[in-house]
Structure formats: structure tokens, C-alpha cells
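The block underneath contains the structure these notes are about, expressed in C-alpha cells.
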Amino acid sequence: MADPETLVFRAALKPKVYRDFEIADTSTLYALAQAIVRCFDFDFDHAFGFYSKLKGNIYASPIRYELFVDMGEGEGEARSVKRTRIVDAFPSVGAKMRFLFDYGDGWEFLVELVKRRPKEPKVKLPRLLISAGEAPAQYPDPEDE
């Protein structure tokens, strides 16, 4: 059996607003979504999906993983986020997908697998490695706009 690895991801809202974090290679896309949302100090309280199409209509993505499938509401060819391991959706360093969180507010992140590395003993995962730029408020105060 291969030695345990961790995966380092970059999740970006804008080019200068991103978080790099490390997660176990045995984790599911559901755990990846949870890690992304927490790295930006958002509440993990909405449906979400991962989409292979990096530009244009996100719903035209040939590969889609959506929480709706796990809720029994999936349509079309979407796959499960709870049953899909991260390494199956992001098979190699450089693999990218769009992560759409909260279909109403439409928070869209570009997610890239940037590195694989040996798991360090006694390190609690997932863990935030780099925080660049200030994350926007998940629910902006309408008076601030």
C-alpha cells in the first residue's frame, strides 16, 4: 500500500483572494467543499457542486459533482460528492474545477490541486496553509453596498 499523502489545494475567489490548504488524500469531495468554505470563514449551510468547465456556462460542464445527487434530487449526469474521493475528481497536480457554493448567491471558486506530499504524523487535517487577500462577507450588509 502506498504511503499516506496529503493534497494541497488553492481555492480562489479572485486572483488575489485565495486560500491554500492541505487535506487528506482519502477525503471525499464533500470534505473538500467543507474545507474550502471554512477557509473563507463562510457557514457551510448551502448546496454546492464541482464543475469541470472552467469558463462559460458552469451547468454545461461535462463532469459535474453535486450535493443534490446525495439528497436524491440530482438531475442528468451529475455524480455524488459524498461518494467521490478527491483523488478521483482531481487525479493529478494541476487539475482544476470550479466550485459553486450557494446556488442563490453564487459563490464561485476556482479550485486547483497544487501539490501532493507525504502525510506528516500528528498533523490535524484539513489545515489552512496560506491566506491571501481578505475574504468577502458571506452575507454582506445591504447598507454597506
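Quick notes on this structure:
- Taking trypsin sites (Lys or Arg not before Pro) as exposed when their DSSP state is a loop state and no more than 16 other Cβ atoms lie within 10 Å, the longest site-free interval of the chain runs over 17-52.
- Neighbours of residue 130 by Cβ distance under 9 Å: Lys/Arg scored +1, Asp/Glu scored -1, total +1.
- Neighbourhood charge, 10 Å Cβ-Cβ cut-off, centred on residue 97 and excluding it, Lys, Arg +1 and Asp, Glu -1: +3
- For the residue pairs 82/115; 55/96; 16/82; 14/55; 14/53; 14/119, alpha carbon separations beyond 21 Å are given by 82/115; 16/82; 14/119.
- Structure-based [θ]222 nm, the chain - -39500 (n - 2.57) summed over DSSP H runs of at least 4, per residue, nearest 500: -3000 deg cm²/dmol
- Surface accessible to a 1.4 Å probe, residue 141 within the full protein complex, Å²: 70
- DSSP-loop chymotrypsin sites (Phe, Trp or Tyr not before Pro) across segment 1-87, with at most 16 other Cβ within 10 angstrom: 44
- The chain: C-alpha gyration tensor shape, a/c 1.5 cut-off, then a/b vs b/c: oblate
The values are calculated or read from the model by the stated rules, or taken from the named source; none is laboratory data. Please read these numbers as outputs of a predicted model, since none were measured by experiment. Positions of Cβ are generated from backbone atoms using ideal geometry, with glycine treated the same way; all protein chains shown enter the neighbour counts. When the accessible area is computed, the model is the full protein with side chains, heavy atoms only, and any ligands, DNA or RNA have been set aside. Shrake-Rupley method; radii C 1.70, N 1.55, O 1.52, S 1.80 Å.
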